[in-house]
Amino acid sequence: MGTRLGARVLDVVFWFVGYWVFALPLTMWIDLRGPEESGLPRMLLILWVIASLTLYFPFSIGKFGMTLGKRICGIRITRRETGEPVGFWRAFGRELFWLVSIVIPVLSFLNPLWCCWDKPFQQCLHDKVADTMAVER
């Protein structure tokens, strides 16, 4: 459980750093143009948030079974029943549930804590939704 938390924290840090590498020039462009003329840079910034989240989390998990944080912590995500790779769309649904759960107060606490009492697979709610589980690499 601690390994999963550590992996998620590392992943958020890695994503955030990668996000700001490209977002910083866009935010500077928005500041230079002013609020009235910043439609295009704002739209590009929103598209970059969506693209960076999609590329880092679902693509990495769907393609490789892990993100950089999970690789460092020695875990990967597999399908619960078969142990096979998750695939992009299942990984996308898993991460989408995670993002939605952050906004809903009860789910924001229950989702990551669910693995503390879930037996035998120790799945969080986002794992249950996507029928995935974290295993040692």
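The values are calculated or read from the model by the stated rules, or taken from the named source; none is laboratory data. Keep in mind it's a predicted model, so treat the numbers as computed, not measured. Neighbour counts run over all protein chains shown; Cβ positions are idealised from the backbone, glycine included.
Within the stretch 116-137, residues that are more than 20 Å from GLY69 (Cα to Cα) have Cβ atoms under 9 Å from residues that are modelled with pLDDT under 90 and part of a strand (DSSP E or B) in no pair, counting only partners at least 6 apart in sequence or on another chain.
Considering the stretch 5-43, and only residues there that are buried (at least 16 other Cβ atoms within 10 Å of the Cβ) and more than 30 Å from ARG79 (Cα to Cα), the residue that is nearest to the chain's Cα centre (by Cα) turns out to be ALA23. Among the numbered criteria (1) farther than 29 Å from ASP131 by Cα; (2) surrounded by 13 or more Cβ atoms within 10 Å (Cβ to Cβ); (3) among the β-branched types (Val, Ile, Thr), which one does ILE72 miss? Going through (1) farther than 29 Å from ASP131 by Cα; (2) surrounded by 13 or more Cβ atoms within 10 Å (Cβ to Cβ); (3) among the β-branched types (Val, Ile, Thr) one by one, ILE72 breaks only (1). Residue count for the stretch 44-69 satisfying the condition of being touching a residue at least 40 places away in the same chain (Cβ under 8 Å) and crowded, with 19+ Cβ neighbours inside 10 Å: 5.
In the stretch 91-137, the qualifying residues are those that are over 16 Å from the mean Cα position of the chain (by Cα) and β-branched (Val, Ile, Thr), and the one that is surrounded by the fewest Cβ atoms within 10 Å (Cβ to Cβ) is VAL106.
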